[in-house]
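Input: a single structure, listed below in structure tokens.
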Amino acid sequence: EPEVTQTPSHQVTQMGQEVILRCVPISNHLYFYWYRQILGQKVEFLVSFYNNEISEKSEIFDDQFSVERPDGSNFTLKIRSTKLEDSAMYFCASSFGLEGDEQFFGPGTRLTVL
Amino acid sequence: RKEVEQDPGPFNVPEGATVAFNCTYSNSASQSFFWYRQDCRKEPKLLMSVYSSGNEDGRFTAQLNRASQYISLLIRDSKLSDSATYLCVVNGRGGSYIPTFGRGTSLIVHP
């Protein structure tokens, strides 16, 4: 069964550093997403991506964040100048269509900012 | 009012019990609705979509009430493996498509 993969599973970084979280969506999917879940809190939408551009983003997704699809398979989330409050689980997801289509989530990357 | 609201629980039920969760949403323009299941420290996984006519998948039944802006999930004959957090997800429409998750309802099924 096809699945979304994410690397690394756990990333530890120092405050102020830049991190890149990587995702490989399911190959025939067209929409890609990043979500964040702070420990004990709800899953929060960050950004959706379609046709090589951002289609939606939340107020959380400010200039500190960027996304890229550098090749035909990877989808990355870059967080610049990390802050303590960026510590969270980051989930990548993909779907074939948009509304009404199931989103398949990756296993997540746990980011710890020290 | 929160966009998507759920009773956090936990709901603590014995095996074989029937349990129901509700979720209310504030955006009347919302068009698609889902229940996801999330195990501890794992990713959310789709349990079922929720259709206007209601839908059933084995022991699970989902209902949508647009007038009152809530969706429900009914689990019959609970199994130990049903223990998880159940997330309500609501997708909007009309210029903005941003899926909104509820905080989740925790279910613990005990022997």
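The values are calculated or read from the model by the stated rules, or taken from the named source; none is laboratory data. The structure presented is a predicted model; accordingly, all values stated were derived computationally and were not measured. Cβ atoms come from the backbone with ideal geometry, glycine included; neighbour counts cover every protein chain shown. Heavy atoms of the whole protein, side chains included, go into the accessibility calculation; ligands, DNA and RNA do not. Shrake-Rupley method; radii C 1.70, N 1.55, O 1.52, S 1.80 Å.
Values computed for the structure shown
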| quantity | calculated |
| --- | --- |
| Any hit, the range B:56-66, residues being surrounded by fewer than 16 Cβ atoms within 10 Å (Cβ to Cβ), assigned to a strand (DSSP E or B) and basic (Lys, Arg) | no |
| Those residues of the range A:62-79 which are acidic (Asp, Glu) and either closer than 15 Å to residue A:48 by Cβ or surrounded by 15 or more Cβ atoms within 10 Å (Cβ to Cβ) (or both), in sequence order | A:68 |
| In the range B:16-30, the residues that are of a type in the set (Ser, Thr, Tyr) and farther than 15 Å from residue B:65 by Cβ | B:18 |
| Number of the condition not met by residue B:34 [criteria: (1) within 17 Å of residue A:93 (Cβ to Cβ); (2) surrounded by fewer than 14 Cβ atoms within 10 Å (Cβ to Cβ)] | (2) |
| Enumerated strands (runs of 3 or more DSSP E) restricted to the range A:25-114, each holding at least 1 residues that are within 26 Å of residue B:9 (Cβ to Cβ), at the interface with another protein chain (Cβ under 10 Å from one of its Cβ atoms) and basic (Lys, Arg) | A:109-113 |
| Top-ranked residue in the range B:90-111 [being of a type in the set (A, V, I, L, M, F, W, C) and part of a strand (DSSP E or B); ranked as farthest from the chain's Cα centre (by Cα)] | B:109 |
| From B:73, B:87, B:64, residue being away from every other protein chain (no Cβ under 11 Å) and either over 14 Å from the mean Cα position of the chain (by Cα) or closer than 15 Å to residue B:38 by Cβ (or both) | B:73 |
| Count of the range B:9-31 residues which are loosely packed, with under 13 Cβ neighbours inside 10 Å and within 14 Å of chain A (Cβ to nearest Cβ) | 2 |
| Counted residues, the range B:41-55 - those being open to solvent by 50 Å² or more (accessible area, probe 1.4 Å) and away from every other protein chain (no Cβ under 11 Å) | 2 |
